[in-house]
Amino acid sequence: MSIITVERKVLEKNDEIARRNRAIFSSKGIFVINLVSSPGSGKTSVLERTLEFFNHRLKVAVIEGDVQTDFDAQRIAKYHTPVVQIVTNGGCHLEAKLVEDALGSLDFADVKLLIIENVGNLVCPSNYDLGEAMKVVVASTTEGDDKPLKYPAMFQQASVLIVNKIDLLPYVNCDLNALKANALKINPSLKVFETSCTTNAGIPEWCSWLESNLRS
């Protein structure tokens with residue numbers, strides 16, 4: 001019982017800071033997404049293709065979360081995008097306080113979209129609100145079609161599912177229709193996009209939809 005109490009207090013504190021973050025984003029007119037996935041889904045590649053699509057006509061900032069290294073931030077910096085790396089030193093998820101601390105290192109002048117790339121993990125990040133407008137979960141075809149059933153909380157909390165690496169469907173054991181059906185069984189409201197960062201398939205559709213949400 002004491003463990004549950006401690007966990008509840010931790011989440012309550014996190015939610016309090018998340019509300020502060022959300023108020024900051026709202027005051028600056030910034031739309032925020034929390035990009036989540038298991039490791040190796042191509043999450044960073046989806047982020048790169050998204051930055052390429054907007055190509056400076058829409059100013060984007062990025063917060064990168066990782067257990068170790070700043071490799072992903074180095075990749076994003078090549079797009080001349082404001083980026084801050086959060087290294088959790090073994091922590092399996094980002095928390096609202098880490099995001100709050102990172103905000104002081106970002107130049108938000110003219111920024112309309114902030115993308116937070118969470119640590120690769122489909123368990124813990126589902127419990128932690130960072131102040132985002134929505135969670136976007138990336139699942140790749142190389143992971144099989146049962147991911148939503150194994151990690152239902154993340155798919156329940158997400159607003160968007162990006163099924164990535166569809167170019168590999170002929171070579172992997174994944175039924176695309178089953179993957180989408182499993183996800184929609186968990187969360188019928190999910191908006192689903194099918195993408196390939198190699199061929200760029202589905203990226204324009206995803207980015208156009210995202211841009212339409214910035215205006216709404």
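State the number of residues belonging to the stretch 191-216 that are of a type in the set (A, V, I, L, M, F, W, C), closer than 13 Å to ASN164 by Cα and in contact with a helix residue (DSSP H, G or I) (Cβ under 7 Å, 6 or more places away or on another chain).
5
Quick one: how many residues across the stretch 130-162 are without any contact (Cβ under 8 Å) to a residue 40 or more places away in the chain, touching a Ser or Thr at 6+ places or on another chain (Cβ under 7 Å) and not polar (S, T, N, Q)?
1
Cβ-Cβ below 8 Å, separation at least six or inter-chain, first residue in the stretch 62-82 and free of Cβ contacts under 8 Å to residues at least 24 places away in the same chain, second polar (S, T, N, Q) and in a strand (DSSP E or B): which pairs?
Pairs found: ASP70/GLN85; ALA73/GLN85.
Within the stretch 191-216, track down each residue that is in contact (Cβ under 8 Å) with a residue 60 or more places away in the chain, assigned to a loop (DSSP other than H, G, I, E, B) and touching a strand residue (DSSP E or B) at 6+ places or on another chain (Cβ under 9 Å).
Result: THR195, CYS197.
Working only within the stretch 72-94, note down all residues that are within 20 Å of ASP129 (Cα to Cα), modelled with pLDDT under 85 and within 16 Å of the chain's Cα centre (by Cα).
The answer is CYS92, and nothing else.
Could you grab me the full set of residues in the stretch 136-161 that are under 22 Å from ASN213 (Cβ atoms) and either of a type outside the set (Val, Ile, Thr) or touching a helix residue (DSSP H, G or I) at 6+ places or on another chain (Cβ under 6 Å) (or both)?
Matches in the stretch 136-161: VAL137, VAL138, ALA139, MET154, PHE155, GLN156, GLN157, ALA158, SER159, LEU161.
Identify the residue in the stretch 174-190 that is outside any helix (DSSP H, G or I) and of a type outside the set (Ser, Thr, Tyr) and, among all such residues, is surrounded by the fewest Cβ atoms within 10 Å (Cβ to Cβ).
If we take residues in the stretch 174-190 being outside any helix (DSSP H, G or I) and of a type outside the set (Ser, Thr, Tyr), then PRO188 is surrounded by the fewest Cβ atoms within 10 Å (Cβ to Cβ).
Does ASN121 fit the bill of being of a type in the set (S, T, N, Q) and either under 18 Å from GLY40 (Cβ atoms) or in contact with a strand residue (DSSP E or B) (Cβ under 9 Å, 6 or more places away or on another chain) (or both)?
For ASN121, the condition - of a type in the set (S, T, N, Q) and either under 18 Å from GLY40 (Cβ atoms) or in contact with a strand residue (DSSP E or B) (Cβ under 9 Å, 6 or more places away or on another chain) (or both) - is met.
Does the stretch 166-197 hold any residues that are of a type in the set (Phe, Trp, Tyr) and under 9 Å from THR141 (Cα atoms), and which are they?
In the first step, residues of the stretch 166-197 are kept if they are of a type in the set (Phe, Trp, Tyr); the result is 171, 193.
Within the stretch 166-197, none qualify.
Identify the single condition in (1) surrounded by fewer than 20 Cβ atoms within 10 Å (Cβ to Cβ); (2) more than 15 Å from the chain's Cα centre (by Cα) that ASN127 does not satisfy, given that it satisfies every other one.
Going through the list (1) surrounded by fewer than 20 Cβ atoms within 10 Å (Cβ to Cβ); (2) more than 15 Å from the chain's Cα centre (by Cα), ASN127 breaks only (2).
The values are calculated or read from the model by the stated rules, or taken from the named source; none is laboratory data. Bear in mind the structure is a predicted one, so any value in this text is a computation, not a measurement. Cβ atoms come from the backbone with ideal geometry, glycine included; neighbour counts cover every protein chain shown.
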